[in-house]
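One structure is given below, encoded as C-alpha cells.
The values are calculated or read from the model by the stated rules, or taken from the named source; none is laboratory data. The shown structure was predicted, so the numbers you read here are calculated from the model rather than taken from an experiment. Methodologically, a virtual Cβ is constructed for each residue, glycine included, from the backbone with ideal geometry; neighbour enumeration extends over all protein chains shown. These area figures cover heavy atoms from the full protein model, side chains too; ligands, DNA and RNA do not enter into them. Shrake-Rupley method; radii C 1.70, N 1.55, O 1.52, S 1.80 Å.
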Amino acid sequence: MKASSHDEFREFVAMRSTALLRLAVLLTGGDRHAAEDLLQIALMKAYGRWSQIEQPEAYVRQVLYRQQVNRWRLRGHRAETTVPVLPEPAGETGAEPDTELRIALWAALGRLTKRQRAVVVLRYFEDLPEAEVAALLGCPVGTVRSTAYRSLAKLRALVPELAPEGHEGHEATGGSDGQVRPLTYTTKGVRG
C-alpha cells in the first residue's frame, strides 16, 4: 500500500471508528468485545482493498453486516458472557425514565436472535430501506419484512413502553389495524 493510501486509511479509522464501533455494538447485541472483534475484521478487510474502495464507510458497514450474518449462521447463539468480576446488584440510582427505557431496550435487543437484531438495527437505527437491508443480509425482501414484524412484536412484548401511544391495549405488533409501527429512537427515548 502506498504511503498516501496508508495515511488516508489511518485518517478514516481515526474519524469514523467511534461511529462504526457503535454500529458493531448494536449488531452484536451490546457485546462490546464481540463488537470490537467485528470492527477489527471489517477494518482489516477494508485495509487490504483500500485503493479499490470508492466509498470507504459504506464498504466497512457492509462488511460489518455481512460478518455479523456469517457469525450467526456459523455459530450457535452464546447465551452467557463470562466476566472476571460479578457486577454489583442494582440499587436505587434515581435514573431518569429515558435511561431506564434505554437499558430495557438494550436488554430486549440482546434477547432477539442475531438475524432479528441485524434487521432491527439496519431498518430502524440505520434507517435503510427494506430492499437495501435484504441486499446486505443476502435474503429476500419478504424475509426482511416478516423478520422486522416479528422482531418489533417481540421488542414490544419485552418492553411494553415501546407500544405506540394509545395502542397499549392492542397486539404487541401494532394497533388494531394490524400495521407494524416502527420504533423511533431519539435522545428522549424510544417511540413507537
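Here are the numbers for this structure:
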item: Within the accessible area of the range 1-73 (1.4 Å probe), percent carbon and sulfur; result: 48
item: Listed peptides 56-66, 137-147 by packing density, highest first (mean Cβ within 10 Å); result: 56-66, 137-147
item: With all protein chains modelled, accessible area of Phe12 [1.4 Å, Å²]; result: 20
item: Pair Arg22, Ala157: separation of 7 Å Cα→Cβ label points (nm); result: 3.1
item: Sparse-neighbour loop sites [GluC sites (Glu not before Pro); the range 110-166; at most 12 other C-beta within 10 Å; DSSP]; result: Glu165
